[in-house]
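**Q** What follows is a structure written as structure tokens; I'll ask about it next.
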Amino acid sequence: MTETPTIIRQLDDATINKIAAGEVVERPASVVKELVENAIDAGASRIEIITAGGGKNLIRITDDGIGMTQRDLALAIQRHCTSKLDPDDLMDIRHLGFRGEALPSIGSIAKLGITTRHQSEPHAWEIEIKGGRKGEIKPAALSKGTRIEVEDLFFSTPARLKFLKTDRAENTAISEIIKRIALAHPHIRFTLTGADRSRLDYAACKGEDAHLVRMGQVMGKAFRDNAVEIDAIRDEVRLTGFAGLPTLNRANSLQQFIFVNGRPVKDKTILGAIRGAYVDFLAGNRYPCVVLFLDLDPHQVDVNVHPTKADVRFRDPQHVRGLVVGAIRHALMEAGHRATTTGGEATLAALRPDGMRNTQAATRQQKAPFAPQSAAPAHPQDWEWRHSPYAPQSEAVQTEKGAQEQAGPYNNLTDAQSAPASALPEEGAIQASIQRPEQQGRMADVSIPSADARAGDIPLQEARLSRPLGAARAQIHENYIIAQTEDGLVIVDQHAAHERLVYERLKKAIAQKGIARQGLLIPHIVEMEEEDVARLDEAKEELQALGLSLEAFGPGAVAVRETPAILGKPNLDRLVRDIADDLAEWDKATRVEEKIHHVAATMACHGSVRSGRRMRAEEMDALLREMEATPHSGQCNHGRPTYVELKLSDIERLFGRA
């Protein structure tokens with residue numbers, strides 16, 4: 001049988017446009033994104049979007065931008081025609097659109113109608129395109145701007161139509177696109193309507209806090225009230241935006257919005273940086289709420305690496321990552337002991353008669369995501385876990401401390417807090433006492449108050465009422481401290497609060513003395529793929545700073561020579577492979593740092609005031625004062641709030657007094 005020779009032929013314009021449409025138009029939301037971005041580039045101050053059938057039947061977008069002349073309209077429907085790109089410098093991209101593919105691609109797979117009027121024209125012009133066949137340009141009626149209608153999407157490529165989801169799912173995707181674009185452009189009014197969807201209407205925002213007001217419109221009042229501002233610049237790269245407090249978190253990353261030069265993107269470098277910035281405050285299955293705007297020279301970022309322009313590539317990704325991590329951590333540090341207001345609002349809602357019926361069910365639903373991590377590690381083979389030196393003290397130890405407790409109420413709270421950071425043991429000593437209970441020694445009383453303390457009558461200290469967390473008034477259920485402020489009351493979870501304080505002490509000691517290392521008598525060899533070895537070799541200085549020393553051992557293995565002492569005896573094969581996976585996914589090794597934080601958090605949990613521990617008035621007051629002076633004390637190590645504040649005006653409304 002004779003083989004038929006391959007025949008190379010040039011594709012016709014209709015086929016070329018359909019192929020381009022397959023790259024640019026993935027679903028109705030892609031059409032909305034391209035057309036809304038064109039409206040923004042045209043200087044619109046109002047954009048109205050109407051959809052039907054999840055965008056499959058109809059998408060109509062109307063704006064009040066500058067519009068197009070008859071000549072521009074004729075060129076706009078041709079491939080690769082754009083006014084937004086400088087042919088002499090293809091990297092100088094300062095508009096959302098620049099390829100000139102959107103309109104001809106959409107017109108090749110749908111029924112496209114464009115009506116537009118430029119201020120220099122006496123009237124508007126319109127044109128229709130059906131499946132790539134262009135009609136004539138005709139006079140039309142339109143006062144200003146442009147109106148584009150897209151009907152029967154994918155009618156000429158029915159195979160693509162079968163892969164679309166339900167109308168509801170497509171409507172949700174369109175809403176998410178509008179939300180992201182609206183966040184980046186608060187000065188523009190966006191309306192999204194349709195017979196098969198709920199209405200979205202984001203009014204134009206003015207003034208210096210326009211971005212924050214728009215965030216409240218899109219993300220809700222909770223984010224607006226519980227976000228800290230970010231404004232940092234490093235080497236002509238500027239980062240602005242807002243980061244939610246750690247206690248304002250979600251089960252997914254849908255509340256993370258990233259913009260590069262005004263363009264909404266999903267960049268792994270920045271997403272990994274956000275994860276790294278919050279690693280110290282959230283459980284692994286929780287995600288913070290953030291809105292970040294990164295502005296830099298267009299030549300420092302490539303926005304043309306993906307057909308939908310959703311991904312970008314930075315010339316110096318490590319510089320960008322360092323800026324994001326540092327700026328977020330600094331902003332959270334400046335927030336001090338703040339906790340989210342949502343805790344107080346939820347408490348008030350539960351106290352209302354109509355909310356008390358659902359309190360028990362809601363508690364069960366919310367408890368799982370914020371459940372504290374087990375005292376034992378999730379993977380015991382990673383390090384030895386035999387006994388914690390932070391167990392409650394015996395009477396003998398308490399008697400020995402009696403003389404010290406007379407020094408003042410602050411010492412009754414915790415020796416770790418009253419002692420300088422330099423008095424804390426090194427990580428190696430900490431790990432040794434974890435593994436060998438007989439060597440606990442002085443470490444045993446690092447953070448446990450007197451076991452025989454009793455709660456008694458607490459006189460009101462007027463001077464304390466003006467403090468942020470007020471004056472301690474009572475302890476209930478041997479776990480919650482009630483404090484009175486000038487305009488309300490504060491309820492403190494004594495165990496969660498003290499856990500955070502001890503954790504911050506441990507972190508400070510590690511930062512001051514560095515991470516202690518333990519050398520291996522015989523280097524441990526881990527065999528892996530050559531690509532993973534290359535990634536680890538590039539990141540060896542970063543890993544060295546975290547106490548893990550390794551180097552390439554031939555093309556398909558690495559040799560581990562030192563490990564962080566605080567980890568004890570980890571499973572090095574799995575640890576090194578997990579680090580390589582982190583580098584492949586996030587371009588950053590976070591596994592070692594996460595494990596160090598996990599060990600420190602577990603130690604802090606065992607070294608804190610336990611639930612059921614009765615506290616004296618002096619101890620309660622000392623705990624409140626230390627919380628006020630310690631950054632991040634508004635949340636425990638798992639992202640839960642350590643206290644809830646209730647305003648007196650809200651309490652009075654519960655009883656109908658206001």
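The values are calculated or read from the model by the stated rules, or taken from the named source; none is laboratory data. Since we're looking at a predicted model, the values are computed, not measured. Neighbour counts are summed over all protein chains in view; Cβ atoms, including those assigned to glycine, are modelled from backbone coordinates with ideal geometry.
**Q** Here is a list: Thr240, Thr247. Which entry is outside any helix (DSSP H, G or I) and within 17 Å of His632 (Cα to Cα)?
**A** Of Thr240, Thr247, the one residue that is outside any helix (DSSP H, G or I) and within 17 Å of His632 (Cα to Cα) is Thr247.
**Q** Identify, by number, the condition in (1) more than 20 Å from Ile66 (Cα to Cα); (2) in contact with a strand residue (DSSP E or B) (Cβ under 7 Å, 6 or more places away or on another chain); (3) part of a helix (DSSP H, G or I) that Ile181 doesn't meet.
**A** (1)
**Q** Out of everything in region 7-49 that is polar (S, T, N, Q) and part of a loop (DSSP other than H, G, I, E, B), what residue ends up being nearest to the chain's Cα centre (by Cα)?
**A** Looking only at region 7-49, we keep the residues that are polar (S, T, N, Q), and these are 10, 15, 17, 30, 38, 45.
Narrowing further to those that are part of a loop (DSSP other than H, G, I, E, B): 10, 45.
Working: Gln10: 48, Ser45: 30 Å.
Among those that are polar (S, T, N, Q) and part of a loop (DSSP other than H, G, I, E, B), it is Ser45.
**Q** How many residues are surrounded by fewer than 17 Cβ atoms within 10 Å (Cβ to Cβ) and closer than 21 Å to Arg321 by Cα when one looks only at region 236-251?
**A** Within region 236-251, residues that are surrounded by fewer than 17 Cβ atoms within 10 Å (Cβ to Cβ) and closer than 21 Å to Arg321 by Cα number 2.
**Q** Going through region 179-205 one residue at a time, which ones are touching a Ser or Thr at 6+ places or on another chain (Cβ under 9 Å) and surrounded by 20 or more Cβ atoms within 10 Å (Cβ to Cβ)?
**A** Of everything in region 179-205, those that are touching a Ser or Thr at 6+ places or on another chain (Cβ under 9 Å) and surrounded by 20 or more Cβ atoms within 10 Å (Cβ to Cβ) turn out to be Ile188, Leu192, Gly194, Arg197, Tyr202.
**Q** State whether the residues of region 68-91 include one that is under 29 Å from Leu164 (Cα atoms), assigned by TED's automatic domain parsing to the domain that holds His185 and of a type in the set (Ser, Thr, Tyr).
**A** no
Conditions tested, residue by residue: (1) in the same structural domain as Val533 (by TED's automatic domain parsing); (2) within 23 Å of Leu248 (Cα to Cα); (3) at pLDDT 90 or above.
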| residue | (1), (2), (3) |
| --- | --- |
| Val560 | yes, no, yes |
| Lys588 | yes, no, no |
| Gly639 | yes, yes, no |
| Leu646 | yes, yes, no |
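**Q** Return the only residue of Ala243, Ala232, Ala222, Ala203 being of a type in the set (A, V, I, L, M, F, W, C) and free of Cβ contacts under 8 Å to residues at least 24 places away in the same chain.
**A** Of the residues listed, the single one that is of a type in the set (A, V, I, L, M, F, W, C) and free of Cβ contacts under 8 Å to residues at least 24 places away in the same chain is Ala203.
**Q** For region 221-231, state whether one or more residues are at pLDDT below 95 and within 21 Å of Ile49 (Cβ to Cβ).
**A** Scanning region 221-231 turns up no residue that is at pLDDT below 95 and within 21 Å of Ile49 (Cβ to Cβ).
**Q** Related question: Spot the failing condition for Ala204; the list is (1) in contact with a Lys or Arg (Cβ under 6 Å, 6 or more places away or on another chain); (2) closer than 23 Å to Thr172 by Cβ; (3) not in a helix (DSSP H, G or I), and only one is missed.
**A** The number of the failed condition is (2).
**Q** With respect to Arg614, determine if the residue is part of a helix (DSSP H, G or I), out of contact with any strand residue (DSSP E or B) (no Cβ under 6 Å at 6 or more places or on another chain), modelled with pLDDT of 80 or more and of a type in the set (Lys, Arg).
**A** Against the criterion (part of a helix (DSSP H, G or I), out of contact with any strand residue (DSSP E or B) (no Cβ under 6 Å at 6 or more places or on another chain), modelled with pLDDT of 80 or more and of a type in the set (Lys, Arg)), Arg614 does not qualify.
**Q** Follow-up. Before we move on, is Asn249 among the polar types (S, T, N, Q) and at positive phi? Reasoning before the result, please.
**A** Details: among the polar types (S, T, N, Q): yes; at positive phi: no.
No, not satisfied.
**Q** What number of residues in region 266-287 are of a type outside the set (Gly, Ala, Ser), over 9 Å from the mean Cα position of the chain (by Cα) and either assigned to a helix (DSSP H, G or I) or at pLDDT 90 or above (or both)?
**A** 3
**Q** If only one of Ala565, Ala600, Ala580, Ala604 is outside the structural domain of Ala283 (by TED's automatic domain parsing), closer than 22 Å to Ala273 by Cβ, at pLDDT below 85 and not charged (D, E, K, R), which one is it?
**A** Answer to the check: Ala600.
**Q** If you take the residues of region 68-84 that are modelled with pLDDT under 80 and basic (Lys, Arg), which of them is farthest from the chain's Cα centre (by Cα)?
**A** This residue is Arg79.
Per-residue answers, yes or no, for (1) of a type in the set (A, V, I, L, M); (2) out of contact with any Lys or Arg (no Cβ under 7 Å at 6 or more places or on another chain); (3) in the same structural domain as Leu323 (by TED's automatic domain parsing); (4) modelled with pLDDT under 90:
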position	(1), (2), (3), (4)
Phe259	no, yes, yes, no
Cys289	no, no, yes, no
Leu292	yes, yes, yes, no
Asp295	no, no, yes, no
Asn304	no, yes, yes, yes
Ala310	yes, no, yes, yes
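**Q** From the list Ala310, Ala331, Ala277, Ala283, which residue is touching a helix residue (DSSP H, G or I) at 6+ places or on another chain (Cβ under 8 Å) and either aliphatic (A, V, I, L, M) or surrounded by fewer than 20 Cβ atoms within 10 Å (Cβ to Cβ) (or both)?
**A** Ala277
**Q** Now a separate question. Could you check region 522-561 and list, in sequence order, the residues that are assigned to a strand (DSSP E or B) and surrounded by 19 or more Cβ atoms within 10 Å (Cβ to Cβ)?
**A** Val526, Leu550, Val558, Val560
**Q** Oh, and also: So Glu208 clears everything in (1) farther than 22 Å from Gly336 by Cβ; (2) modelled with pLDDT of 90 or more; (3) surrounded by fewer than 17 Cβ atoms within 10 Å (Cβ to Cβ) except one condition, right? Which one?
**A** Going through the list (1) farther than 22 Å from Gly336 by Cβ; (2) modelled with pLDDT of 90 or more; (3) surrounded by fewer than 17 Cβ atoms within 10 Å (Cβ to Cβ), Glu208 breaks only (2).
**Q** Any residue at all in region 128-138 that is part of a loop (DSSP other than H, G, I, E, B), modelled with pLDDT under 90 and on the phi > 0 side of the Ramachandran plot?
**A** As a first pass, look at region 128-138 and keep what is part of a loop (DSSP other than H, G, I, E, B): 131-132, 135-137.
Still in the running and modelled with pLDDT under 90: 131-132.
From what's left, on the phi > 0 side of the Ramachandran plot: 131-132.
Within region 128-138, one or more residues are part of a loop (DSSP other than H, G, I, E, B), modelled with pLDDT under 90 and on the phi > 0 side of the Ramachandran plot.
**Q** Here are Ala622, Ala617: which of them is crowded, with 18+ Cβ neighbours inside 10 Å and either of a type in the set (Val, Ile, Thr) or touching a helix residue (DSSP H, G or I) at 6+ places or on another chain (Cβ under 6 Å) (or both)? If you could, list the steps in order and put the result at the bottom.
**A** Details: Ala617 fails: either of a type in the set (Val, Ile, Thr) or touching a helix residue (DSSP H, G or I) at 6+ places or on another chain (Cβ under 6 Å) (or both).
The match here is Ala622.
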